[in-house]
1. Out of all the residues in segment A:212-238, which are part of a helix (DSSP H, G or I) and either among the hydrophobic types (A, V, I, L, M, F, W, C) or within 16 Å of A:L330 (Cα to Cα) (or both)?
2. Among residues belonging to segment A:166-211 that are assigned to a loop (DSSP other than H, G, I, E, B) and hydrophobic (A, V, I, L, M, F, W, C), point out the one that is nearest to A:L122 (Cα to Cα).
3. Where in segment B:125-244 are there helices (runs of 4 or more DSSP H), lying wholly inside it, with at least 2 residues that are modelled with pLDDT of 90 or more and of a type outside the set (F, W, Y)?
4. Tell me, please, whether a residue that is outside the structural domain of A:T47 (by TED's automatic domain parsing) and crowded, with 19+ Cβ neighbours inside 10 Å can be found in segment A:279-286.
5. Can you run down the residue pairs with Cβ atoms below 6 Å, 6 or more apart or on separate chains, where the first is in segment B:1-26 and part of a helix (DSSP H, G or I) and the partner is of a type in the set (D, E)?
6. If the requirement is being surrounded by fewer than 19 Cβ atoms within 10 Å (Cβ to Cβ), at positive phi and not hydrophobic (A, V, I, L, M, F, W, C), which of these qualifies: B:G91, B:G86, B:G56?
7. Could you tell me which of the residues B:I66, B:I156 is more than 30 Å from A:I105 (Cα to Cα), more than 14 Å from every other protein chain (Cβ to nearest Cβ) and buried (at least 20 other Cβ atoms within 10 Å of the Cβ)?
8. Filter segment A:146-163 down to the residues that are away from every other protein chain (no Cβ under 14 Å) and aliphatic (A, V, I, L, M), then identify the one that is nearest to A:Q107 (Cα to Cα).
Amino acid sequence: MTSSAAGDQPATSSSPSTSSDAGATSRNDNEPALVVKGLTKIFGDRTAFSDVSFEVAHGEVFGFLGPNGAGKTTTVRTLGTLIAPTSGSAIVAGIPLSAENGVEIRQRIAIMPESPGLYNRLSVTENLEYFAALFGLQHPASRIEEALDAVNLADRAHDLCGGLSKGLRQRVGLARTLMNDPQVMFLDEPTSGLDPVAALEVHNLINALRQKGVTIFLTTHRLDEAEKLCDRVAILNTSLRTVGRPADLRTQLFHNALIVRTLATLKDPASLFGGIADITDWHSSEPGRYELAVSDITRAAPVIVRALVGAGADVLSIGEDEHSLEDVYLALVNETSEAPQ
Amino acid sequence: MTGFNSARFMAVVKKEMRDYRRKRSIVVTMIILPFMFLIEPVVAIFIVPASSSVAGARNYVVLPIIYLLLIPSIMPSTVAAFTVLGEREQGTLEPLLTTPISQEEFIAGKAAAVLLPTMVLSYSIYALFLLAAELFATPVVSSAIFDQGALLVVLIVLAPLLACWSIAVGMAVSVRANDIRVAQQLGSLASIPPVVLILILAVGVLHPTMSVALIFALALLAIDVRAIRIVAHMMNRERLVTGSKASPTRATTGLVGRLRNR
């Protein structure tokens, strides 16, 4: 019996943040943590996801968004070597995705499924000990202690998992992902079912891991969470709709727009707005409210205010029409031209 | 490719043992069944007529003693049928499969965790029977039991091999089944071949001689090794995680083609 895998060397350091541990041994920061090219997965006659390509840099928090059935979890499982892709290629934590490299990839990554999947008859510590052993940690006690501290569960270390609330179980699942000090962490809906305080703790943990250089691949339905945590997001609906920074996506997807509110309805808005060169389009969805598409907000706003005042309008407010990530998401996933298969 | 990692194998065994200890219903069920099989051999000790010769006494005790082999044949199959499917039903299988553990380490660990209590209980029951014979049997009955070295060797050697067969079949069912009740029903079928073998010995078609024991042991050993390998091969991560068979790959580069069996 041997333990010959390159990525299977038992970690000797105890700190999840120590770069000499198993997960971080052969990391090259010049290479992306994840490189996905044309990845496709087909189950029989159903396409889970198709022709997905993106890169994720080391230390980046990458949000993976999409509706139910969009293929997010299948993508995570594929990159986590649980599922074989039908076509395409990927490099995960510096290692090409292949059958031969499955063990080594799994040594360098951690996946937390949506359901934490804990052994209910074992205590929190025993659950973590088991996974520490599977990852080859020879002296896991201090690693377990630090992981429990990181998720604020030190006082529940000896509780049986079967008696924990959903939120606490989720935290145990997160602690488990810290066992092998992963280079890349896949978190599938990590705050699902958590109360706001517990969700905030998870957010803080993700930010702490980001500062330590851990790459986090976060699938979530919570767009506010993605906007708050993620450096970049990808929106998947069987095929990849877009990848980018939330702010860039908003700019790409929506025109610069100003919202003008007036006390009374304008008498002739068409001639008023039509006479301003920077306004490319306009419409009014309710009395006294005008949405103006403009080519340059800073240049157009003063001109519009002057024009309105000159026309005798009582201006209540003028401001930029801000689009949330939710607007981006809805605009992309509601497109019918590339409906999920 | 990586080798068999004994630390991961032991981690699975240790975790399973912890799990058994915490689940008293499993332990109680495991213990009760073997004791049922002890009743007939012990009763046989007492019903041998006082006037019987050693040869005559053998007619009373050989069959019940061979029936003791039913313990390792029947006991582990239902537990084995729960091993993989149980993890799936509890949602613990997917996190487990995201670790570096190979299917060989996982299957071997699970099998060993079923085999160990099976053998402890089987040999304990054998020991209790022999103790009862030593304490209560008449000299004639005692001779009929203890002078049959081959019979005792059959009991000792065939027990783990029969248990391995039942475990392999139980686990094969566990890997493929989607419903725990179906798995346990199918798993119980694993005991049919050992029961047939035991009946062949019990009704005297074959006599439990040393050479017969050796031939059966070698044959069972070969079958068991092959069966465990087949079960490990059957453990397809993709099927276990998604419930679907891996689809054919379109890749021509060999990059993604064989992940399904890792």
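The values are calculated or read from the model by the stated rules, or taken from the named source; none is laboratory data. As the structure is a computational prediction, the values presented were derived from the model and not from experiment. Backbone-built Cβ (ideal geometry, glycine too); neighbour counts: all protein chains shown.
1. Taking segment A:212-238 as the starting set, the residues that turn out to be part of a helix (DSSP H, G or I) are A:223-229.
Hits for segment A:212-238 are A:L223, A:D224, A:E225, A:A226, A:E227, A:L229.
2. The residue in question is A:M179.
3. On the way: elements: B:139-146, B:149-176, B:180-188, B:192-202, B:210-234, B:237-242.
By residue number, B:149-176, B:210-234.
4. Pass one, segment A:279-286, residues outside the structural domain of A:T47 (by TED's automatic domain parsing): A:279-286.
Restricting the remaining residues to those that are crowded, with 19+ Cβ neighbours inside 10 Å gives A:279, A:282.
Yes, segment A:279-286 contains a residue that is outside the structural domain of A:T47 (by TED's automatic domain parsing) and crowded, with 19+ Cβ neighbours inside 10 Å.
5. B:R8/B:E105; B:F9/B:E105
6. Working: B:G86 fails: at positive phi; B:G56 fails: at positive phi.
Going through B:G91, B:G86, B:G56 in turn, just one is surrounded by fewer than 19 Cβ atoms within 10 Å (Cβ to Cβ), at positive phi and not hydrophobic (A, V, I, L, M, F, W, C): B:G91.
7. Working: B:I156 fails: buried (at least 20 other Cβ atoms within 10 Å of the Cβ).
Result: B:I66 is the single residue among B:I66, B:I156 that is more than 30 Å from A:I105 (Cα to Cα), more than 14 Å from every other protein chain (Cβ to nearest Cβ) and buried (at least 20 other Cβ atoms within 10 Å of the Cβ).
8. A:A147
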